[in-house]
Each structure stands twice: as C-alpha cells, then as structure tokens.
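The values are calculated or read from the model by the stated rules, or taken from the named source; none is laboratory data. As the structure is a prediction and not an experimental result, all values here were calculated from the model. Every residue, glycine among them, receives a Cβ derived from its backbone with ideal geometry; neighbour counts consider all protein chains shown. Each accessible area value is taken on the protein alone, full model and side chains, heavy atoms only, with ligands, DNA and RNA left out. Shrake-Rupley method; radii C 1.70, N 1.55, O 1.52, S 1.80 Å.
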Amino acid sequence: MGQKAFYFDMTRCSGCRCCQVACKEAHDLPVGVFFRRVQDFEGGTFPHVWAASLSLGCNHCDDPQCVKNCPVAAQVKQADTGLVLQDAEMCIGCKKCIAVCPYGAPFYNPENDTVRKCDGCVALAGAGFQPACVAACSTRALRFGDLEQWDASEQASLLTSDLFCLPDSNITHPNVRILPKDEMRP
C-alpha cells in the first residue's frame with residue numbers, strides 16, 4: 001500500500017453536501033463539528049457567471065503541521081497508508097493542531113475536551129469499504145485511493161492541490177488531488 005489520498009472532481013460536484021452529512025453521521029459528530037466541509041464559490045459578471053463547490057477534509061499531508069506541533073504525540077502519520085491518525089485518548093485538547101493546520105481540518109470537541117479530525121475512515125477501509133464521504137457522493141465527484149493512482153491517471157496534468165482559495169501546497173504537501181473548474185485555478 002502507498003499514500004492514501006482523496007480525489008475531488010470539482011466539475012462533477014453538485015454541492016449537495018451528502019459527503020459532509022455522511023461523514024458527520026459516520027463519526028457521530030456534535031453540532032458544529034465537521035471533518036469534511038463543502039464550501040461554495042461564485043463569481044463573474046452577468047451573463048458570464050460561474051459557481052463551484054469544494055469538498056475538503058483532512059489532506060493527510062506529507063508534512064503535517066498537526067503532527068509536528070502536537071506536544072503529546074496524539075497525532076501520527078501512519079507509515080503504511082500515509083493517513084494522519086489521532087489517538088483521542090492521548091489528546092489533551094490544547095488545540096495546537098488546530099492553530100497550525102492551514103486547511104482547518106482538526107476540530108475541537110467541547111463535549112470531551114479533545115480535538116478530532118478525519119481519519120480517512122480507517123475502520124471502514126480496514127473492512128474493505130470506502131470512506132463514508134466517498135460512498136455517499138451521488139455524482140462520484142469524491143474518491144479515495146492510492147496517490148499514485150491519481151498521479152498516473154490520464155488527467156494527472158490537470159490535477160492540482162492548489163486553488164486560489166487554498167493555502168500554498170508547499171506548506172504541508174497535501175495528499176489531495178483536485179480537478180478544478182477553470183475559475184478556481186490560482
């Protein structure tokens with residue numbers, strides 16, 4: 001196995017938020033806490049207007065700032081899958097991972113004074129299933145697999161980890177590949 005990554009085809013996304021709801025349901029998240037969020041963008045001038053939706057969760061970065069800055073090593077990058085996982089029992093709720101993640105992936109859970117984040121549905125994957133967000137995507141805009149798969153695809157030259165609304169990918173080297181709408185390119 002290699003580095004796991006999310007693939008998001010912005011040209012197929014309808015903005016329905018099924019991925020966001022499925023993730024919330026799968027992880028029994030409290031009100032206001034989301035591991036995957038859909039953001040909407042729009043622009044242009046009539047009659048040339050555009051709209052786009054972006055579904056984003058943890059990008060399981062090559063250089064995860066959350067792992068580097070966790071004072072109790074509650075966050076770790078798994079060697080065999082490259083997923084950034086968190087041990088909730090070790091977390092002390094200091095929120096340092098929240099402060100340093102440029103993507104806003106970790107969320108503070110006030111119910112138990114810990115921070116949680118997307119784990120790529122590692123338990124589902126272990127049982128042979130796709131992450132909840134991917135399984136719920138009705139347009140197949142969101143997928144999950146080996147990073148090499150996306151980087152070797154016919155679309156590889158069109159894929160990016162950089163959009164005008166995202167931080168520079170050189171900060172953390174995120175493991176997400178996005179097929180953007182032209183208007184979203186930097």
**Q.** Single match in Val76, Val33, Val72 (criterion: within 15 Å of the chain's Cα centre (by Cα) and surrounded by fewer than 18 Cβ atoms within 10 Å (Cβ to Cβ))
**A.** Val33
Q: Of the conditions (1) closer than 26 Å to Ala156 by Cβ; (2) open to solvent by 80 Å² or more (accessible area, probe 1.4 Å); (3) not aliphatic (A, V, I, L, M), Glu25 clears all except one; give me its number.
A: (1)
Q. Taking segment 150-170, which residues are more than 21 Å from Gln39 (Cα to Cα) and open to solvent by less than 80 Å² (accessible area, probe 1.4 Å)?
A. Trp150, Asp151, Ser153, Gln155, Ala156
Q: Check segment 126-136 and report whether any residue there is on the phi > 0 side of the Ramachandran plot and either out of contact with any helix residue (DSSP H, G or I) (no Cβ under 7 Å at 6 or more places or on another chain) or open to solvent by less than 60 Å² (accessible area, probe 1.4 Å) (or both).
A: yes
Q. Taking segment 1-25 as the region of interest, how many residues are aliphatic (A, V, I, L, M) and modelled with pLDDT under 95?
A. 1
Q: Considering only segment 1-59, state which residues are part of a loop (DSSP other than H, G, I, E, B), over 24 Å from Cys97 (Cβ atoms) and touching a residue at least 40 places away in the same chain (Cβ under 8 Å).
A: Met1, Gly2, Met10, Thr11, Arg12, Cys13, Ser14, Cys16
Q. Is segment 148-159 home to any residue that is modelled with pLDDT of 95 or more and within 21 Å of Ala52 (Cβ to Cβ)?
A. no
Q | Of residues in segment 79-101 being part of a loop (DSSP other than H, G, I, E, B), in contact (Cβ under 8 Å) with a residue 12 or more places away in the chain and under 19 Å from Gln3 (Cβ atoms), the one most open to solvent (accessible area, probe 1.4 Å) | A | Asp80
Q: Select from segment 102-115 the residues that are in a strand (DSSP E or B) and in contact with a Cys (Cβ under 8 Å, 6 or more places away or on another chain) and write down the one among them that is surrounded by the most Cβ atoms within 10 Å (Cβ to Cβ).
A: Val115
Q: Considering (1) open to solvent by 60 Å² or more (accessible area, probe 1.4 Å); (2) under 30 Å from Glu183 (Cβ atoms), say which one Gly145 fails and leave the rest.
A: (1)
